[in-house]
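The structure that follows is given in the form of structure tokens.
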Amino acid sequence: MNPEQPALSPLHQKIDAGVKMAIAQAIEKHRKLGQSISIWQDGKVVTLSADEIPPLEKNIISSPVD
């Protein structure tokens, strides 16, 4: 977390966790379906093929958000 930003409230933490889980699931779905994704890396857009997308840990994508 950026030291200049205030700490997130419990609700904001849950929202943040939910968004991160949704993104992880979407990326994993692309990998499994053989679809590429585009990301921002080193100041430019880079497209990764499905083979270049690292598999995600199961506990990350299946964790429930309280």
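Would you mind getting the accessible area per residue of region 9-49, heavy atoms of the protein chains only, 1.4 Å probe, in Å²? Before the final figure, lay out the partial values.
Details: 3130 Å² over 41 residues.
It amounts to 76 Å² per residue over region 9-49.
Next question, about the same structure. Between T47 and Q5, what FRET efficiency follows from the Cβ-Cβ distance if R0 is 35 Å, with the result rounded to 0.05? Could you put the intermediate results ahead of the total?
Working: r = 31 Å, r/R0 = 0.88.
The pair T47/Q5 has a calculated efficiency of 0.70.
The values are calculated or read from the model by the stated rules, or taken from the named source; none is laboratory data. Just so it is clear, the structure is predicted and the values come from calculations on it, not from any experiment. All Cβ positions, glycine included, derive from the backbone under ideal geometry; neighbour counts span all protein chains shown. Note: areas computed on protein heavy atoms with side chains; ligands, DNA, RNA excluded. Shrake-Rupley method; radii C 1.70, N 1.55, O 1.52, S 1.80 Å.
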